[in-house]
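See below for the structure under consideration.
The values are calculated or read from the model by the stated rules, or taken from the named source; none is laboratory data. Computed from a predicted structure; not experimentally measured. Don't worry about glycine lacking a Cβ; one is built from the backbone with ideal geometry, like all the others, and counts go over all protein chains shown. Just so you know, the surface numbers come from the protein's heavy atoms only, side chains and all, with ligands and any DNA or RNA stripped out. Shrake-Rupley method; radii C 1.70, N 1.55, O 1.52, S 1.80 Å.
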Amino acid sequence: MAQSHASQVDYWDSFSNQFQRVNEPFTLPLSTQLMSAVNIFNAKKILEVACGAGLATKVCDFLKPADATLTAIDFSPAMINLAKITLEGKDVKFVVASAESLPFGDNEFDKYFASLALNLVNDADKMLDEAYRVLEKGGTAAFSIWGRPEHSRYTPIMPKVLKEFDIDLYKGAPPPRSNYYLGGDLNALRELLQKHGFTNVIAWYHPLIYLPESGAQFAQWIQSSPQYIPLFSELSPELKQQVIDRASALADEIIQRGEPLTLDCAVVIGKK
């Protein structure tokens, strides 16, 4: 069963400050790749979907032509409030809205990009339909999603730790699908966009890089994530410390090999 819209909004509202401080700088390179993929440099009317706290929006505003308009949406009011502060004084239109029901007319934008949202929305088909609808003929859309779990070093750490301590994060009710569910097969991803009318579809993999200074810093990030805050509040102090120490040690093993913590992602672009 999909999460309700209200519960999703509550989650991302609660995550907004952590996202701005930790996650958004980490995801920025992927957003800039989407901007490049749609050729933001010759844009007329741009729509950024799932803008978060506005860091990528700020880069887009800098890169776009001076006479191009930029609209940014997110369904989290807290994210939009942070984005407005980030872009204070800039001519950017911010809207609280869902990617699955865009409050815009048909054929309104020539560039559309959405980073790490398509795999998280309740209905990816609706999001793609809406992206196609608001694009003008000849317009370009770009999406990034989680890619292949076996090529990621960041996200497997906590599930491994919890399994070692026999802790069930979901209390017997796991989510209906993994965040990686769309990213394992590039051919299937291309076909998904083609099914929704997109042409000239191109897809590739791109790693995102987390560079914590230590495993302890990684563990600190994890503790402030809304996904794990309820869990840590329920553990005994002794067990909580054991989990933190183990997560820190696993992250340190990767860092000491001279390797980054990675999130494998897929990028796909298409034209209308």
For a quick check of your reading of the model, give me the residue pairs whose first member lies in the range 172-195 and is more than 22 Å from Leu135 (Cα to Cα), whose second is assigned to a helix (DSSP H, G or I) and of a type outside the set (A, V, I, L, M, F, W, C), with beta-carbon atoms closer than 7 Å and at least 6 apart or on different chains.
Tyr180/Pro149
Restricting attention to the range 1-54, the residues that are free of Cβ contacts under 8 Å to residues at least 60 places away in the same chain and not polar (S, T, N, Q) number exactly 11
Consider only pairs whose beta carbons are under 9 Å apart and that are at least six residues apart or on different chains; among these, list those whose first residue lies in the range 69-83 and is small (Gly, Ala, Ser) and whose second residue is in a strand (DSSP E or B) and open to solvent by less than 10 Å² (accessible area, probe 1.4 Å).
Ala72/Ile46; Ala72/Leu47; Ala72/Glu48; Ala72/Val49; Ala83/Ala72
Among the residues of the range 247-270, the number that are open to solvent by 10 Å² or more (accessible area, probe 1.4 Å), in a helix (DSSP H, G or I) and not hydroxyl-bearing (Ser, Thr, Tyr) is 7
Name the residues in the range 225-235 that are outside any helix (DSSP H, G or I) and either surrounded by fewer than 15 Cβ atoms within 10 Å (Cβ to Cβ) or aromatic (Phe, Trp, Tyr) (or both), would you?
Gln227, Tyr228
Can you spot a residue in the range 188-206 that is charged (D, E, K, R) and either in a loop (DSSP other than H, G, I, E, B) or under 24 Å from Pro29 (Cα atoms) (or both)?
yes
Consider Trp221 against the criteria (1) more than 20 Å from the chain's Cα centre (by Cα); (2) open to solvent by 40 Å² or more (accessible area, probe 1.4 Å): it satisfies all of them except one. Which criterion is unmet?
(1)
Filter result (open to solvent by 60 Å² or more (accessible area, probe 1.4 Å), more than 19 Å from the chain's Cα centre (by Cα) and aliphatic (A, V, I, L, M)) within the range 179-215
Ile202
